[in-house]
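Asker: Here it is, the structure, as structure tokens.
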Amino acid sequence: MFPFGEMICFTTILPSLNKRQSGRKTGVIALICSAVILSMTHAVEIAVLGSDMYGRAAFPLLITISKVNIGDFLQRMDVIVILTLIIGNFFKIAVFCYAALIVASDLFKVNEQSELVLPIGTVVLLTAMMIASNWPGHIQEGQLTIKFLLPLFSVVIPVLLLAIHLIRKRFGRPRPNTPADEKR
């Protein structure tokens, strides 16, 4: 499921775009660039750490970057990696929250999405604080998420929504207007 199940998040955002074709093109280019960068990063990590240490490390990139020492001048670049991870996770969470906002506004038929920002932000904050209080707890919860929740949100719900869409399309039941339809 990971990371391709997360593309479901972007399927909620694509209908809101003004230029859908450029969104698809940009998405494919971003997917290819991400795949190349991730492949190169993991290849370097395996080459530096070895497959055994790479497999056991929680953050192999952090261990790899800590081994950098160029002329006793360029070293201890851990801060750059941590900042990059924090910034990347911020944008990832922001996209997830925006997708949740779009889905909630469509589900509850709210025309103004900004009305749902505070409730969704509150739910995200409270669940983030309740889920895990430390790293081992986070890993344990993550295993449950990958086994049960990710397949539910990445496969089951999208397949059900596709089936509902095909049934409505087949029997001619019109789809109600959504805020995304009004923008077009």
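Asker: Which of the following values of volume of the Cα convex hull per residue in Å³ was calculated from the structure shown: (i) 122; (ii) 109; (iii) 172?
Answerer: The listed entry that was calculated here is (iii).
Asker: For the chain, set up a GNM with springs between Cα atoms under 10 Å and report which of Ile86, Ile164, Ile102 has the largest fluctuation.
Answerer: Ile164
Asker: While we're on this one: Note the angle between two axes, namely the Cα long axis of helix 135-144 and the longest principal axis of the Cα atoms of the chain, as a number of degrees from 0 to 90, rounded to the nearest 10.
Answerer: With rounding to tens, the tilt is 40 degrees.
Asker: When you have a sec, figure out the Kirkwood radius of the stretch 98-166 from all distinct Cα pair distances and drop it here in Å to one decimal?
Answerer: Every distinct Cα pair counted, the radius reaches 14.1 Å.
Asker: Angle check, please: helix 157-171 long axis (alpha carbons) against the longest principal axis of the chain (alpha carbons), in degrees 0 to 90, nearest 10.
Answerer: Roughly 30 degrees, rounded to the nearest 10.
Asker: Can you tell me which of Phe91, Phe59, Phe171 moves the most in a GNM of the chain? Springs connect C-alpha atoms under 10 Å apart.
Answerer: Judging by the Gaussian network model, the answer is Phe171.
Asker: Sticking with this one: In a Gaussian network model over the chain where Cα atoms closer than 10 Å are linked, find which of Asn18, Asn134, Asn89 has the largest mean-square fluctuation.
Answerer: The residue with the greatest mean-square fluctuation here is Asn134.
Asker: Can I ask one more? Work out the length of the dipole vector of the chain about its Cα centre, built from +1 on the beta-carbon of each Lys and Arg and -1 on the beta-carbon of each Asp and Glu, and round it to the nearest 20 debye.
Answerer: 960 debye
Asker: While we're looking at this one, here's another question. Skip the ligands, DNA and RNA, and give the accessible area per residue of the stretch 40-94 with a 1.4 Å probe, whole Å².
Answerer: Solvent-accessible surface per residue comes out at 75 Å².
Asker: Could you give the angle, 0 to 90 degrees to the nearest 10, between helix 20-49's Cα long axis and the longest principal axis of the Cα atoms of the chain?
Answerer: So the helix axis and the longest Cα principal axis differ by about 20 degrees.
Asker: Also: Please report the carbon-and-sulfur percent of the accessible area for the stretch 1-89; probe 1.4 Å, protein heavy atoms only, DNA, RNA and ligands left out.
Answerer: Answer for the stretch 1-89 is 71 percent, counting heavy atoms of protein chains only.
Asker: While we're on this one: Once you've got the Cα coordinates, tell me which of Lys92/Lys169; Lys25/Lys147; Lys67/Lys92; Lys25/Lys169 are over 30 Å apart.
Answerer: Lys92/Lys169; Lys25/Lys147
Asker: Another question, then. Computed over the Cα atoms of the stretch 13-72, what is the ratio Rg over Rh, Rh following Kirkwood?
Answerer: Ratio of gyration radius to Kirkwood radius for the stretch 13-72: 1.24.
Asker: Once you keep just the Cα pairs under 8 angstrom separated by 6 or more residues, what percentage relative contact order results for the chain?
Answerer: Once normalised by length, the contact order is 29 percent.
The values are calculated or read from the model by the stated rules, or taken from the named source; none is laboratory data. As the structure is a prediction and not an experimental result, all values here were calculated from the model. As a convention, Cβ positions derive from the backbone with ideal geometry for all residues, glycine included, and neighbour counts pool all protein chains shown. For the accessible areas, the whole protein counts, side chains as well, though only heavy atoms, and no ligand, DNA or RNA atoms are used. Shrake-Rupley method; radii C 1.70, N 1.55, O 1.52, S 1.80 Å.
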